[in-house]
1. Please go through segment 18-38 and pick out each residue that is open to solvent by 90 Å² or more (accessible area, probe 1.4 Å) and touching a residue at least 12 places away in the same chain (Cβ under 8 Å).
2. Pick from Val93, Val63: which is modelled with pLDDT of 85 or more, within 22 Å of Ala126 (Cα to Cα) and surrounded by 13 or more Cβ atoms within 10 Å (Cβ to Cβ)?
3. Residue check, Leu125 against (1) within 17 Å of the chain's Cα centre (by Cα); (2) open to solvent by 80 Å² or more (accessible area, probe 1.4 Å); (3) modelled with pLDDT under 85, all met but one. Which one?
4. Only one of these conditions is not met by Arg13: (1) under 18 Å from Leu123 (Cβ atoms); (2) touching a His at 6+ places or on another chain (Cβ under 9 Å). Which number is it?
5. Based on this model, can you work out whether Ile41 counts as of a type in the set (Val, Ile, Thr), touching a residue at least 12 places away in the same chain (Cβ under 8 Å) and open to solvent by 80 Å² or more (accessible area, probe 1.4 Å)?
6. Which of (1) buried (at least 17 other Cβ atoms within 10 Å of the Cβ); (2) assigned to a helix (DSSP H, G or I) does Asp112 not meet, given it meets every other one?
7. For Phe76, which of the numbered conditions (1) open to solvent by 60 Å² or more (accessible area, probe 1.4 Å); (2) over 30 Å from Arg15 (Cβ atoms); (3) outside any helix (DSSP H, G or I) fails to hold?
8. Of Val93, Val73, which residue is at negative phi and under 13 Å from the mean Cα position of the chain (by Cα)?
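The values are calculated or read from the model by the stated rules, or taken from the named source; none is laboratory data. All values derive from a computational prediction rather than experimental measurement. Cβ placement follows ideal geometry from the backbone for every residue including glycine, while neighbour counts extend to all protein chains displayed. For the accessible areas, the whole protein counts, side chains as well, though only heavy atoms, and no ligand, DNA or RNA atoms are used. Shrake-Rupley method; radii C 1.70, N 1.55, O 1.52, S 1.80 Å.
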Amino acid sequence: MISGAWQDAVNHRARRYVSEDTWLQITSRRHHRKCTLLAEIASAILNGKDAIHGFVGSVAGEVAFLFGAGRVVKTFAQELTSRLPLPMETELVAVARALQVTGVFLCSLNGDDLTSCQCFIELALAETKETVGNLLTAAMNDWVNLGSYT
């Protein structure tokens with residue numbers, strides 16, 4: 001699955017964002033621990049994004065309350081603002097996914113089984129959740145189209 005072309009592409013992209021010295025250091029020696037750390041950082045970024053949503057929602061609810069809003073308006077402001085996309089949200093996800101892809105790259109360089117690669121596992125779980133969600137949504141509409149989820 002991890003072809004030479006894929007490795008070359010990751011190698012090329014990552015080198016655009018870090019110094020040559022840093023890239024040489026991250027790709028040298030055993031990579032298992034490096035992957036695990038990259039996975040933990042990516043997870044922290046993604047969890048932090050969710051926490052920021054909750055914080056923004058709470059602030060909006062409190063501001064509404066300070067302006068005399070009742071419970072329903074406060075709750076509405078809190079829920080709406082906690083669920084709307086935030087500036088930089090896409091970029092935070094891109095950073096987390098780039099860290100995970102780099103971790104998969106390091107595991108593949110090391111010759112590790114990808115089912116043991118923490119970055120691969122977390123990417124697969126995220127993708128699987130989305131795919132299952134899409135499948136369930138499709139199932140609510142038309143079961144004939146479920147054949148496309150092979």
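1. Listed by number, the residues that qualify are Arg30, His32.
2. Details: Val63 fails: within 22 Å of Ala126 (Cα to Cα).
Only one candidate qualifies: Val93.
3. (3)
4. With respect to (1) under 18 Å from Leu123 (Cβ atoms); (2) touching a His at 6+ places or on another chain (Cβ under 9 Å), Arg13 is out only on (2).
5. On the way: of a type in the set (Val, Ile, Thr): yes; touching a residue at least 12 places away in the same chain (Cβ under 8 Å): yes; open to solvent by 80 Å² or more (accessible area, probe 1.4 Å): yes.
Considered against the rule, which asks whether it is of a type in the set (Val, Ile, Thr), touching a residue at least 12 places away in the same chain (Cβ under 8 Å) and open to solvent by 80 Å² or more (accessible area, probe 1.4 Å), Ile41 comes out as yes.
6. Every listed condition holds for Asp112 apart from (2).
7. Of the numbered conditions (1) open to solvent by 60 Å² or more (accessible area, probe 1.4 Å); (2) over 30 Å from Arg15 (Cβ atoms); (3) outside any helix (DSSP H, G or I), the odd one out for Phe76 is (3).
8. Val93
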